[in-house]
Amino acid sequence: MRKALRWLLALAVLIGTLSTAGAATAAQPEATGTNATTDIKDQLLAIPGMSLIEEKPYTGYRFFVLNYTQPIDHRHPSKGTFQQRITVLHKDVSRPTVFYTGGYNVSTNPSRREPTQIVDGNQVSMEYRFFTPSRPDPAEWSKLDIWQAASDQHRIFKALKSIYTKNWISTGGSKGGMTATYYERFYPKDMDGVVAYVAPNDVVNDEDSAYDRFFTQVGTKECRDRLNAVQREALVRREPLEKKYTAYAADNGYTFNTIGSLDRAYEAVVLDYVWGFWQYSLLSDCDSIPANAATATDDDIWNSVDTISGFSFYTDQGLEPYTPYYYQAGTQLGAPTIHFPYIEKKYVRYGYQPPRNFVPRSIPMKFQPWAMRDVDTWVRHNAHHMLFVYGQNDPWGAERFRVGKGSKDSYVFTAPGLNHGANVAGLVADQKALATARILEWAGVPAATAAQAKPLAKFDKKLDVRDVEREPALRP
């Protein structure tokens, strides 16, 4: 659930600058026009506030990593700016465009999300504000909210729409799926369609019984029993495994100032174990879990927990890249919690800890319970051209978006047996055909019939290889 992705921590290529220059252009994001004879790079760089970081070649495309000058506060643009990274995977201005964000850092290597392959289009990808290097300096954390982030997307769309004039579809997975939904709520006239993958929807932060029910039903009893037993055993063997943890932290220079202690970090990692398995693994992966936790060695227990949860995550070094995420979890998004009826209370000292524990105390936080209720109500009554895709075995789908009577041409589908990597390709045949057809229709390139709907671009083994959207847990 908060899988420590060591490869993600290599994000630290501090490309670009957090310069506050360019305030004079912040109020005029729109491109001034496009010319078919003008090179696409020149068209992009003609947009006020747009600058080039680098261009990377890829067959059949042009790929640009760019900085775009954004106001720190969209309500008061004169109060300073920051540089936000975006990328553009350019195919042709005559094709539709997919607007993608994962809700975290943006990848600076060419990649193509599923809707982009389906519509054979261009792709604009945005780094979420406050994820480095797209962070104002100094960081005014109160300006990290869902409306400000949606306004970032709105300005980028306005800036690029005069170049990419065909239909636009927004998309994202996990926190990115939430982001695409919030963008639609605040700027419903921008996009022609929305494809939100595995997007959690924590409407009432203190009511999380749906997650407890999920964990009594997911997978098979045999698999659940194996996972529960390993998690319990890791707490029973707390003393010897924490000695191992102490040595591990010392060897790697890890510290625990934000969470408060190694003991708190250890329990948090262990309590992530069951959730993390179902989020990122498949039922067939149960064979990798120790069959008898009571007779397993300390190394067996350690290795299983570390592989799924990651003992480096709750260190200061593991938490720091996710500070913006936890800030949002503790101020607007909410965070799930679950209980552990199979573990005696004497072994659980802290339980699920709140997002406040994962953000430095120097950053003030106050929860806004109305934020998610507003979005949920809007989606139920106003969703138009929206598709939500969930995985049957993904814990995050226990609390999901739903469409109501006021929605139009909008759908919620579940991919059988899939996890946090669920996609349109994993849906049952009739839903897959319908979803593909609707995406094509929204993009302005409809198939002759729904039954004939299929991705317009061939699968590219490099461009279309997508990891499961990884994110830390959102827990109150």
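The values are calculated or read from the model by the stated rules, or taken from the named source; none is laboratory data. Note that the structure is a prediction, hence the values are computed from the model and not measured. Every residue, glycine as well, gets a Cβ built from its backbone with ideal geometry; the counts of neighbours run over all protein chains shown. Only protein heavy atoms, including side chains, enter the accessible area calculation; ligands, DNA and RNA are left aside. Shrake-Rupley method; radii C 1.70, N 1.55, O 1.52, S 1.80 Å.
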Is it the case that segment 123-133 has a residue that's under 15 Å from Pro71 (Cα atoms), small (Gly, Ala, Ser) and in contact (Cβ under 8 Å) with a residue 24 or more places away in the chain? no
Inspect segment 308-329 for any residue being under 23 Å from Ala265 (Cβ atoms) and of a type in the set (Asp, Glu) and give the result as yes or no. yes
Report whether or not Arg264 is open to solvent by 60 Å² or more (accessible area, probe 1.4 Å) and assigned to a helix (DSSP H, G or I). yes
When you check Tyr352 against the structure, is it of a type outside the set (Gly, Ala, Ser), surrounded by 19 or more Cβ atoms within 10 Å (Cβ to Cβ) and in a loop (DSSP other than H, G, I, E, B), yes or no? yes
Identify all residues within segment 281-297 that are open to solvent by 30 Å² or more (accessible area, probe 1.4 Å) and outside any loop (DSSP other than H, G, I, E, B); write none if there are none. Leu283, Ser284, Asp285, Asp287, Ser288, Ala294, Thr295
Against the condition among the charged types (D, E, K, R), in a loop (DSSP other than H, G, I, E, B) and either open to solvent by 50 Å² or more (accessible area, probe 1.4 Å) or closer than 14 Å to Gly177 by Cβ (or both), how does Lys405 come out, does it pass? yes
If a residue has to be in a loop (DSSP other than H, G, I, E, B), without any contact (Cβ under 8 Å) to a residue 60 or more places away in the chain and within 22 Å of Trp278 (Cα to Cα) to count, how many in segment 422-461 make the cut? 2
Please tell me if Pro77 is modelled with pLDDT under 95 and open to solvent by 20 Å² or more (accessible area, probe 1.4 Å). no
Which members of segment 130-150 meet the condition of being surrounded by fewer than 22 Cβ atoms within 10 Å (Cβ to Cβ) and in contact with a strand residue (DSSP E or B) (Cβ under 8 Å, 6 or more places away or on another chain)? Pro133, Arg135, Asp137
Please find, among Gly253, Gly219, the residue that is touching a helix residue (DSSP H, G or I) at 6+ places or on another chain (Cβ under 6 Å) and on the phi > 0 side of the Ramachandran plot. Gly219
Criterion violated by Phe131 - all others in (1) over 15 Å from Thr165 (Cβ atoms); (2) touching a helix residue (DSSP H, G or I) at 6+ places or on another chain (Cβ under 8 Å); (3) not in a loop (DSSP other than H, G, I, E, B); (4) not basic (Lys, Arg) satisfied: (3)
Is it true that some residue in segment 313-327 is outside any helix (DSSP H, G or I), touching a Gly at 6+ places or on another chain (Cβ under 7 Å) and modelled with pLDDT of 95 or more? no
Would you check which residues across segment 298-334 are open to solvent by 10 Å² or more (accessible area, probe 1.4 Å), among the polar types (S, T, N, Q) and within 11 Å of Tyr273 (Cα to Cα) and list them? Ser304, Thr307
Look at Arg238 and say whether it is farther than 29 Å from Thr323 by Cα, surrounded by 15 or more Cβ atoms within 10 Å (Cβ to Cβ) and modelled with pLDDT of 95 or more. no
Would it be correct to say that Arg373 is within 30 Å of Leu427 (Cβ to Cβ), open to solvent by 50 Å² or more (accessible area, probe 1.4 Å) and of a type in the set (Lys, Arg)? yes
Unmet criterion (only one of (1) under 30 Å from Met386 (Cβ atoms); (2) open to solvent by 20 Å² or more (accessible area, probe 1.4 Å); (3) of a type in the set (D, E, K, R); (4) modelled with pLDDT of 95 or more) for Lys3: (4)
Can you confirm whether segment 337-353 contains a residue that is closer than 23 Å to Val269 by Cβ, in contact with a Phe, Trp or Tyr (Cβ under 6 Å, 6 or more places away or on another chain) and either among the acidic types (Asp, Glu) or touching a residue at least 60 places away in the same chain (Cβ under 8 Å) (or both)? yes
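Yes/no matrix, rows are residues, columns are (1) under 25 Å from Pro188 (Cβ atoms); (2) of a type in the set (S, T, N, Q); (3) open to solvent by 30 Å² or more (accessible area, probe 1.4 Å):
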| residue | (1), (2), (3) |
| --- | --- |
| Pro395 | no, no, no |
| Ser410 | yes, yes, no |
| Ala415 | no, no, no |
| Asn419 | no, yes, no |
| Val424 | yes, no, no |
| Ala435 | yes, no, no |
| Gly444 | yes, no, yes |
| Pro455 | no, no, yes |
| Phe459 | no, no, yes |
What is the number of the single condition among (1) open to solvent by 10 Å² or more (accessible area, probe 1.4 Å); (2) at pLDDT 95 or above; (3) under 30 Å from Val305 (Cα atoms) that Asp206 does not meet? (2)
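Residue by residue, here is whether (1) under 22 Å from the mean Cα position of the chain (by Cα); (2) closer than 30 Å to Lys143 by Cβ; (3) polar (S, T, N, Q) holds:
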position	(1), (2), (3)
Trp370	yes, yes, no
Gly391	yes, no, no
Gly406	no, no, no
Ala437	no, no, no
Quick check on my filter: what residues within segment 44-72 are in contact with an Asp or Glu (Cβ under 8 Å, 6 or more places away or on another chain) and part of a strand (DSSP E or B)? Arg62, Phe63, Phe64, Val65, Gln70
Applying the selection to segment 86-118, what residues are open to solvent by 10 Å² or more (accessible area, probe 1.4 Å) and either assigned to a strand (DSSP E or B) or more than 30 Å from Ala435 (Cβ to Cβ) (or both)? His90, Tyr100
